[in-house]
Amino acid sequence: MTSCQKRGIPAGADLRFQSALKAAERGNADSMFYVGYWLANGNHVDQDLAAAWEWFHKAAENNNADAMNCIGVQYRDGIYVEQDYQKAREWLLRGYEANRCNHVVLANLALTLAQGFQDYDNAHEFADMAISLAPNNTFVLGVKGRIYLMQGNPKGAYVYLKKCREITPHYLRTNAPFAKALRAWADSARAAREKR
């Protein structure tokens with residue numbers, strides 16, 4: 001066993017991770033979040049999903065909205081845990097209460113309300129709030145487009161997907177749900193022209 005392992009430093013941890021870990025162990029909530037995030041994604045350290053989950057919860061207990069967002073998304077998408085839209089909504093609402101200006105929390109809350117509850121009115125409201133905070137963020141714009149797509153409105157989806165494409169040209173090619181929406185809109189537009 002190496003001296004790093006004896007001190008509780010995970011395998012593969014670089015100096016950046018070790019610095020964040022020290023701050024997290026001293027009670028810094030932002031560092032707790034980054035430790036969890038890096039463990040979840042294998043950045044600066046070997047991936048460890050169980051440890052990431054624990055650090056997200058520690059950060060959330062210290063009112064970190066980003067950690068609450070990650071927990072909510074994990075429940076929504078069934079990552080590390082069984083999918084549970086109710087718990088996802090609860091965690092994302094807690095994240096929203098902790099930081100009402102976090103566009104990622106707002107967008108994920110919007111997507112959860114649409115996907116898990118078909119609550120499109122509130123989903124659009126939260127998505128619009130996220131867009132007002134981050135008008136050029138492709139994730140936020142893409143969420144708004146996905147909500148329209150879930151409602152069966154490819155034309156509405158296309159408005160936001162077009163903005164995503166303008167900001168990041170390869171965005172639609174690398175995001176299957178959005179590429180599908182674009183094709184659906186193009187097919188419906190073509191069918192409408194052929195009727196004339």
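The values are calculated or read from the model by the stated rules, or taken from the named source; none is laboratory data. None of these values were measured; they are calculated from a predicted model. Cβ sites come from the backbone with ideal geometry, for glycine too, and all protein chains shown count toward neighbours. Please note that ligands, DNA and RNA were not included when accessible areas were found on the heavy atoms of the full protein model with its side chains. Shrake-Rupley method; radii C 1.70, N 1.55, O 1.52, S 1.80 Å.
Residues in the stretch 59-68 carry Karplus couplings, in order, of 5, 5, 4, 9, 6, 8, 5, 5, 5, 4 Hz; the curve used is 6.51 cos²θ - 1.76 cosθ + 1.60 with θ = phi - 60°, and Gly or Pro positions show x. Its Cα centre serving as origin, the chain has a Cβ charge dipole (Lys and Arg +1, Asp and Glu -1) of approximately 940 debye. Summarising the amide proton neighbourhood of Asn137: residues at separation of 5 or more, or on other chains, whose placed amide H is nearer than 5 Å comprise an empty set.
Nearest 10 degrees is fine. How inclined is helix 15-25 to the longest principal axis of the chain, computing both from alpha carbons? It is inclined by approximately 80 degrees. Between His103, His44, His57, the residue with the greatest mean-square fluctuation in the GNM of the chain (Cα pairs under 10 Å linked by springs) is His44.
Across the stretch 29-41, coupling constants 3J(HN,Hα) worked out from phi with the 6.51/-1.76/1.60 Karplus curve, θ = phi - 60°, read 5, 5, 5, 4, 4, 5, 4, x, 5, 5, 5, 5, 9 Hz, and Gly and Pro carry x. For the stretch 1-91, the normalised intensity computed at q = 0.12, 0.19, 0.26 Å⁻¹ comes to -0.36, -0.81, -1.26 (log10 of I(q)/I(0), Debye sum over alpha carbons, equal scatterers, no solvent).
Could you size up the charge dipole of the stretch 8-55 around its Cα centre, putting +1 on the beta carbon of Lys and Arg and -1 on that of Asp and Glu, and report it in debye to the nearest 20?
Numbers: 3 positive and 6 negative charges, 31 e Å.
My answer is approximately 140 debye.
Springs between Cα atoms under 10 Å define the GNM used for the chain, and in it the highest mean-square fluctuation of Ala50, Ala123, Ala59 occurs at Ala50.
Accessible area per residue for the chain in Å², computed with a 1.4 Å probe and the full protein assembly in place, what is it? Don't skip to the answer; put the middle values down first.
Working: 10550 Å² over 196 residues.
I get 54 Å² per residue for the chain.
Loop-only check: which trypsin sites (Lys or Arg not before Pro) in the stretch 84-117 are DSSP coil with at most 16 other Cβ within 10 angstrom? Taking the stretch 84-117 and a limit of 16 other Cβ atoms within 10 Å, the loop trypsin sites (Lys or Arg not before Pro) found are Arg100. Seen against the Cα atoms of the chain and their longest principal axis, helix 154-167 is set at about 60 degrees.
Just checking my list (i) 1.20; (ii) 1.11; (iii) 1.15 against Cα Rg over 2.2 N^0.38 Å computed from this structure; which label fits? Computed from these coordinates, Cα Rg over 2.2 N^0.38 Å corresponds to label (i).
Our coupling estimate for the stretch 83-95, obtained by passing each phi through the Karplus curve with A = 6.51, B = -1.76, C = 1.60 and θ = phi - 60°, is 4, 8, 5, 4, 5, 4, 4, 4, 5, 5, 5, 4, x Hz, Gly and Pro reported as x. Among Ala65, Ala51, Ala157, the largest mean-square fluctuation in a Gaussian network model of the chain, built with springs joining Cα atoms closer than 10 Å, belongs to Ala51. Distance between the pseudo-spin-label points of Ala191 and Ala50 (7 Å out from Cα toward the beta carbon): 5.1 nm.
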